[in-house]
Amino acid sequence: MSQEPPAPETENGNLPAKLGTERLEAPVVREGLFGVHGTPDTSGYGRLQVRRPLPASTQRPYGGYFDDVADALGTALESAGSGFDAAVERVLVAHDELTLYVRRENLVQVMERLLHDPDLRFEIFSGVSGVHFPDETGRELRAVYHLTSITHNRLLRLEVSAPDSDPHIPSVTSVYPAANWHERETWDFFGIVFDGHPALTRIQMPDDWLGHPQRKDYPLGGIPVEYRGTKVPPPDERRSYS
Amino acid sequence: MTTPHVTGAATAADEDAAEGRVYDVAGEDWDKIITAGDEDRSDNEQIVVNMGPQHPSTHGVLRLVLTLEGETVTDVRASIGYLHTGIEKNMEYRTWTQGTTFITRADYLMPLYNEMAYVLSTERLLGIEDKIPERAQLIRVLLLELQRITSHLGGIGPFGMELGATTIFLHGLRMREEILDLFELITGLRMNHAFIRPGGVAQDLPPGGLEKVREFLRKAPSRVRDLRKLIDANPVFSARTKGVAYMDLEGCMALGVTGPMLRATGLPWDLRKSRPYLGYETFDFDVITESSCDTYGRYMVRVREIEESLKIVEQAVDRLADRSGVKDDPWMVSDAKIGWPARLSLGPDGMGPSPEHIAHIMGQSMEALIHHFKLVTEGFRVPAGQAYVPIESPKGELACHVVSDGGTRPYRAHLRDPSFHHMQAVSVLCEGGNLADVIPAIASIDPVIGGVDR
């Protein structure tokens, strides 16, 4: 959920003053305590600014089978002429789940190793889920892949990002045929173009639909409803606390 | 090459035709079409038939585009999206608790599983997975396994009717109805319960609830036996299902197929055993497998899983009965920042917050009123991050990928529905087979379009 890779460790890299400046440079994601606008603020927290946290990443050891997966993937990628660090931007272990942030140009290669390498063997492709972060310039669109290994009884998540200005991610249908519909759905809802997909057409929305409904800049729609003399606004115009 | 085109009343786009003669049927022009067809008989007997989206045996509004050569299906394309309701988008505009009300409507034959998948992911993000009270977990297991039976019966019963056997349908639905009565007693609703909530369940079992479940358990084995007597050795059923829609382990692996279809190839992959959740590792049950890889094998897996689920329900009932002596046994997480404050009770005008709770917040404690108001209107905040907890639904691996930005609403919730995933296998199951075998092939996937389209 973050914009830039962690700051490189220079000689002053970990000084608190420097970290403080960096924090202040991070974009503001929320203002005020409740995110309420247009009504008088009596809380006293109206000028509070919440900045986006620095990108989280995990250092080794990751724990559990996560180290084995990373090692095996590293070995497999090296024999394929690339390396773990070249293909994987960063690694995050959170809530007992392993996420590899893969560069999009390496995605197919990584997927192929994950499926075929005997130490990895992620046979079951569990789907693609798109996420849209309009504020994170340069990596607005995310495709999140979940893989299951029956052989080793493991789960793995890959996350790939693409900018809104160039919404292209290579298709993994050549490795996992089951990605077909999932990629169509992600294109339909988020506008991520999966290059190399055999037939990237709309799947849920009508063929002549305009726009990609699950993007954050696409309104939910709805009309105000009158109930007992008062008007209830549509859900996306009601007061929100997020 | 320009294609000859016969149109009735309506105009048509000639560019659509790839090759050969195309007939557009637009109504009241049947004579014209017949005459044109008689005049132009060629060797090419390929017919494209639209099955659905209103066909009664397509499990909802599924549309199949079949290319036929005689009775042989040469090409199948499934077209979905007719039941897309924007559940995932809507959830982004409601609180985390309200999310269950939406997601329960995805696959309407297993609503409790949709809730469970969403709630497990949410609880993982909240970090309260190991704080869920034992009683809540047992009620969840009890309901989920009952739901598994209803889902399998909803697959088997209508399947019988699709093959022309209304008795099977009625037997299936009768038993399903008995379980839905239990759901109505426990959750208040037959379907779309929104009963499993982040932190626990909406309310405790009603008085006499366990006894009702026991009553059902007493007659359930004979119900299943009746059903199996009707189907297992039925020559018509065997002829229509054995060897039909064959897909072996290799095919399942290539397409990522899970659930009964995978277990019908002989692989005992069941997330309840391999990645236990809700304490399934403490229950005694078997993973059912068959080795025939066909429609009959998938039926056998389902019907035998019903028997296994009955075993789990029985154990859950026993454990809940053992806990009846525990004083103030909670069914919602004790963290007051997450757990719903109101207890429900039956009043003269229906179910609502209990009078004691109303008296407490309105007359005794200002803080309790503020807390109630904040939690109900604003909801709780879920730490930023993403989670994905797969569970073994009756139809295969079901999970909800939830993403939070730290707010009071899901930033994104995506249901990985097994029906959606498995519908991709339709071509593999049907192509090269008989037209009549398309129906059992679809039924053997047991898709529910509410889940496919969401």
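A short reminder: the numbers here are calculations on the coordinates, not readings from a lab. The structure presented is a predicted model; accordingly, all values stated were derived computationally and were not measured. As a convention, Cβ positions derive from the backbone with ideal geometry for all residues, glycine included, and neighbour counts pool all protein chains shown.
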Q.
Once you order the gyration tensor axes a ≥ b ≥ c over the Cα atoms, which shape class does the range A:146-242 get: rounded for a/c under 1.5, otherwise prolate or oblate by comparing a/b with b/c?
A. prolate
Q.
Could you order the peptides B:176-186, A:124-134 from most to least packed, using the average number of other C-beta atoms within 10 Å per residue?
A. A:124-134, B:176-186
Q. Relative contact order of chain B: what whole-number percent is it, with Cα pairs under 8 angstrom and at least 6 residues apart?
A. 23
Q) In a GNM of chain A with a 10 Å cut-off on Cα contacts, which of A:ARG139, A:ARG121, A:ARG228 has the highest mean-square fluctuation? A) A:ARG228
Q: Counting only C-alpha contacts under 8 Å and six or more residues apart, can you give the relative contact order of the range B:340-379 as a whole percent?
A: 33
**Q.** Members of B:LYS311/B:LYS337; A:LYS231/B:LYS89; B:LYS273/B:LYS337; A:LYS231/B:LYS374 lying beyond 31 Å, as alpha-carbon distances in this model show
**A.** B:LYS311/B:LYS337; B:LYS273/B:LYS337
Q: Enter the mean number of other protein chain beta carbons within 10 Å of the beta carbon of each residue in A:121-133, as an integer.
A: 6
Q.
Which residues among the range B:79-101 fall inside the zone where the amide N is under 19 Å from a point 7 Å beyond the Cα of A:VAL225, along Cα→Cβ?
A. B:85-101
**Q.** Sites B:ARG343 and A:ASP208 - FRET efficiency at Förster radius 35 Å, r taken between beta-carbons, to 0.05
**A.** 0.10
Q: Report the net charge of residues surrounding B:VAL25, where surrounding means a beta-carbon distance below 12 angstrom and charges are Lys +1, Arg +1, Asp -1, Glu -1.
A: -3
(Q) Can you compute 3J(HN,Hα) from phi for each residue in the range A:149-154, using the Karplus curve 6.51 cos²θ - 1.76 cosθ + 1.60 with θ = phi - 60°, rounded to whole Hz and x for Gly and Pro? (A) 9, 6, 4, 9, 6, 9
**Q.** Cα centroid separation - the range B:297-314 against the range B:375-428, whole Å
**A.** 26
Q. A:GLU89's amide H: which non-local residues (gap 5+, or another chain) put their own amide H closer than 5 Å, with H modeled 1.01 Å from N in plane and none for Pro or chain starts?
A. A:TYR101, A:VAL102, A:ARG103
**Q.** Antiparallel bridges, percent of DSSP beta bridges restricted to the protein assembly as shown (to nearest 5)
**A.** 85
**Q.** Highest-first arrangement of B:189-196, B:108-115, where packing means the average Cβ count within 10 Å
**A.** B:108-115, B:189-196
Q. Please identify the chymotrypsin sites (Phe, Trp or Tyr not before Pro) of the range A:188-242 that satisfy two criteria: DSSP loop assignment and at most 16 other Cβ atoms within 10 Å. Which are they?
A. A:TRP209, A:TYR241
Q.
Quick check: from the Cα gyration tensor, does chain A come out rounded (a/c under 1.5), prolate or oblate?
A. oblate
Q. How high is the FRET efficiency between B:ALA336 and A:ASP119 when r is their beta carbon distance and R₀ equals 56 Å, given to the nearest 0.05?
A. 0.75
(Q) Could you work out how much longer the chain between A:ILE150 and A:ASP217 gets when fully extended? Use 0.36 nm per residue separation minus the Cα distance between them, nm to one decimal. (A) 20.3 nm
Q | Debye intensity ratio in log₁₀ form over the Cα atoms of the range B:340-379, taken at each q of 0.24, 0.26, 0.27 Å⁻¹ | A | -0.79, -0.87, -0.91
Q: Quote the relative contact order of chain A in percent (integer), defining contacts as alpha-carbon pairs under 8 Å separated by 6+ residues.
A: 13
Q: Take every DSSP beta bridge whose two residues both sit in chain B, then give the antiparallel share in percent to the nearest 5.
A: 90
Q) Hey, what angle do you get for helix B:295-322 against the long axis of chain B, alpha-carbon based, 0 to 90 degrees rounded to 10? A) 10
**Q.** Average beta carbon contacts from partner chains per residue of B:81-93, 10 Å cutoff
**A.** 5
Q. By the scheme Lys and Arg +1, Asp and Glu -1, what is the net charge of all other residues having a beta-carbon under 13 Å from that of B:VAL73?
A. -4
Q: Pick out which of A:PRO198, A:PRO55, A:PRO224 has the largest mean-square fluctuation in a Gaussian network model of chain A, springs linking Cα atoms closer than 10 Å.
A: A:PRO224
Q. Under the Kirkwood approximation applied to all pairs of distinct alpha-carbon atoms, what is the hydrodynamic radius of chain B in Å?
A. 24.1
Q. What are the residues whose amide H is under 5 Å from the amide H of A:VAL29, where those residues sit 5 or more places off or on another chain and H is modelled from the backbone?
A. A:VAL50, A:ARG51, A:ARG52
Q) For the residue pair B:VAL25 and B:GLN364, what label-to-label distance in nm results when each label sits 7 Å from Cα along the Cα-to-beta-carbon direction? A) 7.1
Q. Looking only at A:PRO170, A:PRO213, A:PRO61, which one moves most when chain A is put into a Gaussian network model with springs between Cα atoms under 10 Å?
A. A:PRO61
(Q) Would the range A:50-132 count as rounded, prolate or oblate if I go by the C-alpha gyration tensor, calling it rounded below 1.5 in a/c and otherwise prolate when a/b exceeds b/c, oblate otherwise? (A) prolate
Q) Per residue of B:385-391, how many C-beta atoms from partner chains lie within 10 Å of its own C-beta, taken as a mean? A) 6
Q | Two-site label geometry, B:THR72 and B:LYS229: point separation in nm, points 7 Å out along Cα→Cβ | A | 4.3
Q.
Within 15 Å, Cβ to Cβ, of B:HIS84, how many net charges do the neighbouring residues add up to if Lys/Arg are +1 and Asp/Glu are -1?
A. -2
**Q.** 10 Å binning of all Cα-Cα separations within the protein assembly as shown, expressed as whole percents from 0 upward
**A.** 3, 13, 23, 25, 20, 11, 4, 1, 0
Q) Relative to the longest principal axis of chain A, what angle (0 to 90°, nearest 10) does the C-alpha long axis of helix A:179-190 take? A) 30
Q) Which FRET efficiency, nearest 0.05, do B:ILE33 and B:ALA254 yield, Cβ-Cβ r, R0 56 Å? A) 0.85
Q.
Assuming 0.36 nm per residue, please report the length gained on full extension of the stretch B:LEU217 to B:THR85 beyond their Cα-Cα distance.
A. 43.9 nm
Q. To the nearest 10 degrees, how steeply does helix B:209-231 sit against the main Cα axis of chain B, on a 0 to 90 scale?
A. 20
